[in-house]
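Below is one structure; the comments refer to it alone.
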Amino acid sequence: MKIPFNKTYTTGQEIVNISKAIANGKLAGDGEFTFAVQQMMESRFGMDKTLLTTSCTDALEMCAILAGVDSDSEVIMPSYTFVSTANAFALRGAKIVFVDSEENTPNLDADKLEALITPKTKVIVVMHYAGIACDMDKIEVIAKKHNLVIVEDAAQAIDSYYKDRPLGSIGQLGAFSFHETKNIISGEGGMICINDVKYQKRAEIIREKGTNRAQFFRGEIDKYGWVDIGSSFLASEIIAAFLKAQLDEMENIQKKRIALWNIYYDKLKNLLVKHPNLLPRIPSYATNNAHMFYLTCNSHDERTKLMAKLNEYGVKSTFHYLSLHSSSFYAHKHDGRELPQSDKWTDCLLRLPMFVDLRFEDVDYICKVITDFYND
Ligand SMILES: *Cc1c(COP(=O)(O)O)cnc(C)c1O
(Lines give C-alpha, C1' and ligand atoms only; values in the text may rest on other atoms or scores of the structure.)
Protein backbone atom coordinates (compact mmCIF):
# COMPACT_ATOMS: atom_id res chain seq x y z
CA MET A 1 0.00 0.00 0.00
CA LYS A 2 1.32 3.43 -1.00
CA ILE A 3 -0.73 6.49 -0.15
CA PRO A 4 0.76 9.86 -1.12
CA PHE A 5 0.17 12.97 0.98
CA ASN A 6 -1.44 14.83 -1.92
CA LYS A 7 -2.43 14.09 -5.48
CA THR A 8 -3.68 16.78 -7.83
CA TYR A 9 -7.24 16.33 -8.94
CA THR A 10 -8.41 17.47 -12.35
CA THR A 11 -11.97 17.37 -13.66
CA GLY A 12 -11.18 16.66 -17.33
CA GLN A 13 -12.78 19.94 -18.43
CA GLU A 14 -9.59 21.98 -17.86
CA ILE A 15 -8.10 21.04 -21.23
CA VAL A 16 -11.37 21.80 -23.02
CA ASN A 17 -11.44 25.28 -21.49
CA ILE A 18 -7.78 25.87 -22.31
CA SER A 19 -8.44 24.90 -25.94
CA LYS A 20 -11.24 27.48 -25.98
CA ALA A 21 -8.93 30.12 -24.57
CA ILE A 22 -6.41 29.33 -27.30
CA ALA A 23 -9.12 29.51 -29.94
CA ASN A 24 -10.18 32.88 -28.53
CA GLY A 25 -6.71 34.10 -29.48
CA LYS A 26 -6.38 36.07 -26.27
CA LEU A 27 -4.02 34.52 -23.73
CA ALA A 28 -2.91 37.48 -21.61
CA GLY A 29 -4.93 38.37 -18.53
CA ASP A 30 -8.37 39.91 -18.19
CA GLY A 31 -10.10 37.95 -20.96
CA GLU A 32 -13.35 36.01 -20.96
CA PHE A 33 -12.22 33.30 -18.51
CA THR A 34 -10.70 35.76 -16.04
CA PHE A 35 -13.97 37.71 -15.88
CA ALA A 36 -15.90 34.45 -15.57
CA VAL A 37 -13.95 33.15 -12.55
CA GLN A 38 -14.06 36.55 -10.83
CA GLN A 39 -17.82 36.71 -11.41
CA MET A 40 -18.26 33.16 -10.04
CA MET A 41 -16.38 33.95 -6.85
CA GLU A 42 -18.18 37.27 -6.36
CA SER A 43 -21.66 35.87 -6.86
CA ARG A 44 -21.06 32.73 -4.83
CA PHE A 45 -19.28 34.31 -1.86
CA GLY A 46 -20.60 37.86 -1.94
CA MET A 47 -17.30 39.63 -2.43
CA ASP A 48 -17.75 43.11 -3.82
CA LYS A 49 -14.81 42.83 -6.21
CA THR A 50 -12.20 40.15 -6.90
CA LEU A 51 -9.18 40.13 -9.20
CA LEU A 52 -7.41 36.99 -10.40
CA THR A 53 -3.67 36.97 -9.64
CA THR A 54 -0.78 34.64 -10.36
CA SER A 55 -0.68 33.48 -6.73
CA CYS A 56 -1.97 34.17 -3.26
CA THR A 57 1.50 35.54 -2.55
CA ASP A 58 0.89 38.19 -5.24
CA ALA A 59 -2.55 38.93 -3.83
CA LEU A 60 -1.03 39.46 -0.36
CA GLU A 61 1.63 41.76 -1.82
CA MET A 62 -1.17 43.79 -3.38
CA CYS A 63 -2.94 43.90 0.01
CA ALA A 64 0.20 45.27 1.64
CA ILE A 65 0.47 48.07 -0.94
CA LEU A 66 -3.25 48.89 -0.80
CA ALA A 67 -3.26 49.05 2.99
CA GLY A 68 -0.56 51.72 2.77
CA VAL A 69 2.02 49.70 4.69
CA ASP A 70 5.51 51.23 4.68
CA SER A 71 8.79 51.07 6.59
CA ASP A 72 7.22 52.99 9.46
CA SER A 73 4.38 50.46 9.88
CA GLU A 74 3.85 47.53 12.19
CA VAL A 75 1.77 44.58 11.05
CA ILE A 76 0.41 41.97 13.46
CA MET A 77 0.02 38.37 12.29
CA PRO A 78 0.42 34.82 13.61
CA SER A 79 3.90 33.30 13.67
CA TYR A 80 2.41 29.96 12.72
CA THR A 81 1.71 30.72 9.07
CA PHE A 82 3.20 30.43 5.61
CA VAL A 83 6.18 32.63 4.70
CA SER A 84 4.16 34.62 2.14
CA THR A 85 1.83 36.03 4.82
CA ALA A 86 4.79 37.85 6.37
CA ASN A 87 6.94 38.33 3.31
CA ALA A 88 4.30 40.46 1.55
CA PHE A 89 4.56 43.03 4.35
CA ALA A 90 8.33 42.64 4.88
CA LEU A 91 8.74 43.66 1.21
CA ARG A 92 7.22 47.04 2.14
CA GLY A 93 9.75 47.37 4.95
CA ALA A 94 7.20 46.87 7.72
CA LYS A 95 8.02 45.48 11.13
CA ILE A 96 6.25 42.16 11.66
CA VAL A 97 4.81 41.67 15.15
CA PHE A 98 3.93 38.04 15.77
CA VAL A 99 0.97 37.02 17.90
CA ASP A 100 0.74 33.56 19.45
CA SER A 101 -1.73 30.92 18.28
CA GLU A 102 -4.71 29.68 20.26
CA GLU A 103 -4.31 26.64 22.45
CA ASN A 104 -7.08 24.76 20.63
CA THR A 105 -6.42 25.81 17.03
CA PRO A 106 -3.37 27.08 15.17
CA ASN A 107 -5.25 30.35 14.43
CA LEU A 108 -4.11 33.59 16.03
CA ASP A 109 -5.27 34.18 19.60
CA ALA A 110 -7.58 37.21 19.40
CA ASP A 111 -7.26 37.77 23.16
CA LYS A 112 -3.55 38.49 22.74
CA LEU A 113 -3.92 41.04 19.94
CA GLU A 114 -4.69 44.28 21.73
CA ALA A 115 -1.56 44.25 23.90
CA LEU A 116 0.57 44.29 20.73
CA ILE A 117 -0.99 47.38 19.16
CA THR A 118 1.12 50.56 19.06
CA PRO A 119 0.58 53.91 17.27
CA LYS A 120 2.49 52.40 14.33
CA THR A 121 0.23 49.38 13.89
CA LYS A 122 -1.59 49.52 10.54
CA VAL A 123 -2.81 46.01 9.75
CA ILE A 124 -3.90 42.79 11.41
CA VAL A 125 -3.41 39.80 9.13
CA VAL A 126 -5.54 36.81 10.01
CA MET A 127 -4.84 33.40 8.51
CA HIS A 128 -7.66 30.84 8.65
CA TYR A 129 -5.65 27.67 9.26
CA ALA A 130 -7.01 24.56 7.51
CA GLY A 131 -9.91 26.70 6.31
CA ILE A 132 -11.24 27.07 9.87
CA ALA A 133 -12.22 30.66 10.66
CA CYS A 134 -10.43 32.87 13.16
CA ASP A 135 -12.57 34.52 15.84
CA MET A 136 -13.59 37.38 13.54
CA ASP A 137 -16.11 39.23 15.74
CA LYS A 138 -13.47 39.76 18.41
CA ILE A 139 -10.85 40.73 15.85
CA GLU A 140 -13.19 43.20 14.11
CA VAL A 141 -14.00 44.96 17.39
CA ILE A 142 -10.29 45.48 18.08
CA ALA A 143 -9.54 46.58 14.51
CA LYS A 144 -12.38 49.13 14.53
CA LYS A 145 -11.38 50.51 17.91
CA HIS A 146 -7.79 51.11 16.74
CA ASN A 147 -8.62 51.96 13.13
CA LEU A 148 -6.69 49.01 11.68
CA VAL A 149 -7.11 47.26 8.35
CA ILE A 150 -7.92 43.54 8.47
CA VAL A 151 -6.31 41.45 5.74
CA GLU A 152 -7.49 37.84 5.49
CA ASP A 153 -4.98 35.28 4.29
CA ALA A 154 -7.75 32.96 3.12
CA ALA A 155 -5.36 30.83 1.04
CA GLN A 156 -6.81 27.62 2.50
CA ALA A 157 -10.29 28.92 3.15
CA ILE A 158 -12.36 28.75 -0.04
CA ASP A 159 -15.99 27.79 0.63
CA SER A 160 -15.64 28.19 4.37
CA TYR A 161 -17.49 30.53 6.72
CA TYR A 162 -17.36 32.51 9.93
CA LYS A 163 -20.97 32.24 11.13
CA ASP A 164 -22.77 33.04 7.85
CA ARG A 165 -19.99 35.19 6.40
CA PRO A 166 -17.75 33.65 3.69
CA LEU A 167 -14.05 33.78 4.54
CA GLY A 168 -12.20 36.20 2.28
CA SER A 169 -15.16 38.61 2.34
CA ILE A 170 -14.81 39.80 5.95
CA GLY A 171 -11.61 41.86 6.08
CA GLN A 172 -11.25 45.02 3.99
CA LEU A 173 -8.93 42.85 1.88
CA GLY A 174 -8.58 39.10 1.43
CA ALA A 175 -6.48 36.63 -0.56
CA PHE A 176 -7.16 33.11 -1.88
CA SER A 177 -4.73 30.57 -3.30
CA PHE A 178 -5.32 28.14 -6.17
CA HIS A 179 -1.93 26.44 -5.73
CA GLU A 180 -2.10 22.73 -6.53
CA THR A 181 -2.11 21.86 -2.81
CA LYS A 182 -5.39 23.71 -2.14
CA ASN A 183 -9.03 22.56 -2.57
CA ILE A 184 -9.61 24.37 -5.88
CA ILE A 185 -6.53 24.65 -8.06
CA SER A 186 -4.96 26.11 -11.17
CA GLY A 187 -1.38 24.91 -10.61
CA GLU A 188 -0.29 28.33 -9.44
CA GLY A 189 -2.93 31.00 -9.00
CA GLY A 190 -4.58 33.32 -6.54
CA MET A 191 -7.20 35.99 -6.08
CA ILE A 192 -7.46 39.25 -4.19
CA CYS A 193 -10.82 40.20 -2.68
CA ILE A 194 -11.36 43.93 -2.37
CA ASN A 195 -14.20 44.26 0.10
CA ASP A 196 -13.82 47.98 0.78
CA VAL A 197 -14.71 50.06 -2.30
CA LYS A 198 -12.10 52.66 -1.47
CA TYR A 199 -9.35 50.24 -2.60
CA GLN A 200 -10.98 49.06 -5.82
CA LYS A 201 -9.64 51.52 -8.37
CA ARG A 202 -6.09 51.39 -7.03
CA ALA A 203 -6.15 47.57 -6.92
CA GLU A 204 -6.68 47.42 -10.69
CA ILE A 205 -3.78 49.80 -11.23
CA ILE A 206 -1.34 47.97 -8.94
CA ARG A 207 -2.18 44.67 -10.65
CA GLU A 208 -1.44 46.18 -14.08
CA LYS A 209 2.14 47.36 -13.51
CA GLY A 210 1.04 50.69 -12.06
CA THR A 211 -0.90 51.66 -15.18
CA ASN A 212 -4.58 52.51 -15.71
CA ARG A 213 -4.83 49.96 -18.52
CA ALA A 214 -7.99 48.35 -17.09
CA GLN A 215 -9.85 51.67 -17.34
CA PHE A 216 -8.48 52.12 -20.86
CA PHE A 217 -9.83 48.73 -21.96
CA ARG A 218 -13.24 49.63 -20.56
CA GLY A 219 -13.16 52.77 -22.69
CA GLU A 220 -13.22 55.08 -19.66
CA ILE A 221 -10.04 56.91 -20.74
CA ASP A 222 -8.48 57.37 -24.19
CA LYS A 223 -4.86 56.45 -23.37
CA TYR A 224 -3.18 54.66 -20.51
CA GLY A 225 0.04 55.40 -18.67
CA TRP A 226 2.07 55.10 -15.51
CA VAL A 227 0.04 56.41 -12.58
CA ASP A 228 1.22 54.47 -9.48
CA ILE A 229 3.54 51.69 -8.32
CA GLY A 230 2.55 48.16 -9.24
CA SER A 231 3.67 44.92 -10.77
CA SER A 232 2.48 42.23 -13.15
CA PHE A 233 0.14 40.48 -10.75
CA LEU A 234 -2.53 39.35 -13.19
CA ALA A 235 -2.79 35.73 -14.35
CA SER A 236 -3.03 34.56 -17.94
CA GLU A 237 -6.23 33.31 -19.54
CA ILE A 238 -4.74 29.78 -19.55
CA ILE A 239 -4.74 29.81 -15.74
CA ALA A 240 -8.24 31.26 -15.65
CA ALA A 241 -9.53 28.64 -18.13
CA PHE A 242 -8.12 25.84 -15.97
CA LEU A 243 -9.53 27.40 -12.82
CA LYS A 244 -13.03 27.77 -14.26
CA ALA A 245 -13.23 24.00 -14.78
CA GLN A 246 -12.41 23.52 -11.10
CA LEU A 247 -14.84 26.14 -9.85
CA ASP A 248 -17.58 24.53 -11.95
CA GLU A 249 -16.94 21.29 -10.00
CA MET A 250 -16.52 22.90 -6.59
CA GLU A 251 -19.61 21.35 -5.07
CA ASN A 252 -18.52 17.78 -5.87
CA ILE A 253 -14.92 18.42 -4.86
CA GLN A 254 -16.06 19.79 -1.50
CA LYS A 255 -18.55 16.97 -0.90
CA LYS A 256 -15.86 14.32 -1.37
CA ARG A 257 -13.30 16.12 0.81
CA ILE A 258 -15.82 16.60 3.60
CA ALA A 259 -16.83 12.93 3.43
CA LEU A 260 -13.16 11.91 3.76
CA TRP A 261 -12.65 14.31 6.67
CA ASN A 262 -15.68 12.91 8.49
CA ILE A 263 -14.43 9.33 8.11
CA TYR A 264 -11.06 10.33 9.56
CA TYR A 265 -12.82 11.93 12.53
CA ASP A 266 -15.23 9.05 13.13
CA LYS A 267 -12.56 6.36 12.93
CA LEU A 268 -10.21 8.21 15.27
CA LYS A 269 -12.57 9.71 17.81
CA ASN A 270 -12.21 6.79 20.25
CA LEU A 271 -8.62 7.92 20.76
CA LEU A 272 -9.87 11.18 22.29
CA VAL A 273 -10.54 9.38 25.58
CA LYS A 274 -6.82 8.99 26.21
CA HIS A 275 -5.57 11.80 23.93
CA PRO A 276 -8.06 14.67 24.25
CA ASN A 277 -6.08 17.04 22.00
CA LEU A 278 -5.44 14.63 19.14
CA LEU A 279 -8.18 15.69 16.69
CA PRO A 280 -8.87 19.08 15.11
CA ARG A 281 -11.32 21.36 16.88
CA ILE A 282 -13.86 23.36 14.96
CA PRO A 283 -15.17 26.33 16.96
CA SER A 284 -18.95 26.80 16.93
CA TYR A 285 -18.60 29.95 14.79
CA ALA A 286 -16.62 28.15 12.05
CA THR A 287 -17.47 25.78 9.20
CA ASN A 288 -15.11 23.12 7.89
CA ASN A 289 -14.09 23.15 4.20
CA ALA A 290 -12.03 19.97 4.68
CA HIS A 291 -8.89 21.58 3.39
CA MET A 292 -6.82 19.47 5.73
CA PHE A 293 -7.01 16.73 8.33
CA TYR A 294 -4.35 17.13 11.00
CA LEU A 295 -3.46 15.49 14.28
CA THR A 296 -1.99 17.22 17.30
CA CYS A 297 0.51 14.80 18.82
CA ASN A 298 1.42 15.01 22.50
CA SER A 299 5.07 15.79 21.75
CA HIS A 300 7.56 16.30 18.96
CA ASP A 301 9.03 12.89 19.70
CA GLU A 302 5.63 11.20 19.44
CA ARG A 303 5.04 12.92 16.10
CA THR A 304 8.38 11.71 14.74
CA LYS A 305 7.53 8.13 15.74
CA LEU A 306 4.02 8.28 14.31
CA MET A 307 5.32 9.70 11.02
CA ALA A 308 7.87 6.88 10.84
CA LYS A 309 5.21 4.27 11.54
CA LEU A 310 2.87 5.71 8.89
CA ASN A 311 5.77 5.79 6.45
CA GLU A 312 6.57 2.17 7.23
CA TYR A 313 2.99 1.34 6.25
CA GLY A 314 3.25 3.33 3.01
CA VAL A 315 1.40 6.45 4.20
CA LYS A 316 2.98 9.85 3.59
CA SER A 317 2.18 12.33 6.36
CA THR A 318 3.80 15.69 6.85
CA PHE A 319 4.27 18.37 9.49
CA HIS A 320 3.64 21.99 8.60
CA TYR A 321 4.97 25.47 9.38
CA LEU A 322 8.11 26.30 11.27
CA SER A 323 7.21 29.31 13.43
CA LEU A 324 8.30 32.46 11.61
CA HIS A 325 9.51 34.18 14.81
CA SER A 326 12.23 31.49 14.97
CA SER A 327 13.07 31.56 11.25
CA SER A 328 16.62 32.34 10.15
CA PHE A 329 15.36 35.48 8.39
CA TYR A 330 13.31 36.93 11.23
CA ALA A 331 14.53 35.51 14.56
CA HIS A 332 16.94 38.40 15.19
CA LYS A 333 14.29 40.95 14.17
CA HIS A 334 11.65 39.42 16.46
CA ASP A 335 11.15 41.20 19.79
CA GLY A 336 12.05 38.11 21.78
CA ARG A 337 8.62 37.25 23.20
CA GLU A 338 8.07 33.54 23.59
CA LEU A 339 5.17 32.12 21.57
CA PRO A 340 4.62 28.73 23.16
CA GLN A 341 1.45 27.77 21.28
CA SER A 342 3.06 28.58 17.95
CA ASP A 343 5.99 26.39 18.94
CA LYS A 344 3.61 23.63 19.96
CA TRP A 345 1.94 23.61 16.53
CA THR A 346 5.36 23.65 14.90
CA ASP A 347 6.44 20.61 16.92
CA CYS A 348 3.28 18.53 17.25
CA LEU A 349 0.99 19.07 14.24
CA LEU A 350 0.87 16.25 11.67
CA ARG A 351 -1.08 16.43 8.40
CA LEU A 352 -2.62 13.27 6.93
CA PRO A 353 -3.33 12.52 3.24
CA MET A 354 -6.30 14.52 1.93
CA PHE A 355 -7.17 14.68 -1.76
CA VAL A 356 -10.25 14.08 -3.90
CA ASP A 357 -9.12 10.70 -5.26
CA LEU A 358 -8.27 9.34 -1.82
CA ARG A 359 -10.50 6.29 -1.31
CA PHE A 360 -12.66 5.77 1.76
CA GLU A 361 -10.88 2.44 2.35
CA ASP A 362 -7.53 4.28 2.27
CA VAL A 363 -8.76 6.44 5.14
CA ASP A 364 -9.87 3.31 7.03
CA TYR A 365 -6.39 1.87 6.55
CA ILE A 366 -4.62 5.07 7.68
CA CYS A 367 -6.84 5.29 10.76
CA LYS A 368 -6.06 1.68 11.64
CA VAL A 369 -2.31 2.38 11.55
CA ILE A 370 -2.82 5.42 13.80
CA THR A 371 -5.12 3.55 16.20
CA ASP A 372 -2.61 0.69 16.50
CA PHE A 373 0.15 3.22 17.15
CA TYR A 374 -1.72 4.77 20.08
CA ASN A 375 -3.02 1.49 21.47
CA ASP A 376 0.30 -0.43 21.38
C1 LIG B 1 -0.68 28.30 0.13
C2 LIG B 1 -0.60 29.46 1.03
C3 LIG B 1 -0.10 30.70 0.63
C4 LIG B 1 0.58 30.91 -0.69
O5 LIG B 1 -0.22 30.68 -1.77
P6 LIG B 1 0.44 30.76 -3.24
O7 LIG B 1 -0.77 30.78 -4.12
O8 LIG B 1 1.27 29.53 -3.40
O9 LIG B 1 1.22 32.01 -3.32
C10 LIG B 1 -0.14 31.76 1.51
N11 LIG B 1 -0.64 31.62 2.75
C12 LIG B 1 -1.13 30.44 3.19
C13 LIG B 1 -1.68 30.35 4.56
C14 LIG B 1 -1.10 29.32 2.36
O15 LIG B 1 -1.59 28.15 2.81
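The values are calculated or read from the model by the stated rules, or taken from the named source; none is laboratory data. Not measured: the values here are computed from a predicted model. Note that we place each Cβ from the backbone using ideal geometry, even for glycine, and neighbour counts take in every protein chain shown. The area values use the complete protein model at the heavy-atom level, side chains included, leaving out ligands, DNA and RNA. Shrake-Rupley method; radii C 1.70, N 1.55, O 1.52, S 1.80 Å.
Data for the structure
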| item | result |
| --- | --- |
| Amide H contacts of F293 (H built 1.01 Å from N, under 5 Å, at least 5 apart or other chain) | L352 |
| Net charge, G190 excluded, C-beta distance under 12 Å - Lys, Arg +1, Asp, Glu -1 | -2 |
| Inter-part distance where the range 106-150 and the range 151-170 are each reduced to a Cα centre, Å | 14 |
| Computed FRET value (nearest 0.05) for S71 with D137, which takes r as the C-beta separation and R₀ as 25 Å | 0.20 |
| The range 1-136, accessible surface, carbon-and-sulfur percent (1.4 angstrom probe) | 53 |
| Label-point separation in nm, E251 to N298, each point 7 Å along Cα→Cβ | 4.5 |
| Electrostatic dipole magnitude of the chain [Cβ: Lys, Arg +1; Asp, Glu -1; Cα centre; debye, to 20] | 200 |
| Relative contact order (%) - criterion: Cα under 8 Å, at least six apart; region: the range 177-330 | 15 |
| Ratio Rg/Rh, restricted to the range 137-192 and using Cα atoms, in which Rh is the Kirkwood radius | 1.05 |
| Spin-label model distance (nm) - K7 vs K198, 7 Å beyond Cα toward Cβ | 5.0 |
| Charge-dipole axis of the chain as Lys and Arg at +1 and Asp and Glu at -1 on Cβ define it, positive-most pick from M47, V126, I142 | M47 |
| Karplus (6.51, -1.76, 1.60) ³J(HN,Hα), θ = phi - 60°, over the range 305-316, in Hz, Gly and Pro reported as x | 5, 5, 4, 5, 5, 4, 4, 4, 8, x, 10, 8 |
| Interchain or long-range residues, amide H under 5 Å from V97's placed H | V75, I76, M77 |
| The chain - Debye-derived log10 I(q)/I(0), Cα point model, q = 0.11, 0.13 Å⁻¹ | -0.78, -1.07 |
| Per residue accessible area in Å² of the chain, where ligands, DNA and RNA are left out and the probe is 1.4 Å | 43 |
| Sum of side-chain charges, I142 neighbourhood, beta-carbon under 11 Å (Lys, Arg +1; Asp, Glu -1) | -1 |
| Zone of T371's modelled label, taken as backbone nitrogen in the range 270-291 under 16 Å from a point 7 Å along Cα→Cβ | 270-275, 279 |
| Full-extension gain in nm, S232 to D48, via 0.36 nm per residue minus C-alpha separation | 64.0 nm |
| GluC sites (Glu not before Pro) restricted to DSSP loop in the range 3-95 with at most 10 other C-beta within 10 Å | none |
| Value of D in µm² per second that Stokes-Einstein yields for the range 184-265, Kirkwood Rh from Cα pairs, at 25 °C (0.890 mPa s) | 160 |
| GluC sites (Glu not before Pro) within the range 140-246, DSSP loop, no more than 15 other Cβ atoms inside 10 Å | E180, E220 |
| K309/K223 FRET efficiency (R0 45 Å; Cβ-Cβ; nearest 0.05) | 0.10 |
| Flagged links, alpha-carbon separation over 31 Å, of K122/K244; K274/K344; K267/K344; K201/K344 | K122/K244; K201/K344 |
| Relative intensity, log₁₀ I(q)/I(0), of the range 219-349 from a Debye sum that treats every alpha carbon as a point, q = 0.12, 0.19 Å⁻¹ | -0.79, -1.19 |
| Percent carbon-and-sulfur accessible area, the range 198-273, ignoring ligands, DNA and RNA, probe 1.4 Å | 54 |
| Spin-label pair F360/E114, simplified geometry with 7 Å Cα→Cβ offset, distance in nm | 4.8 |
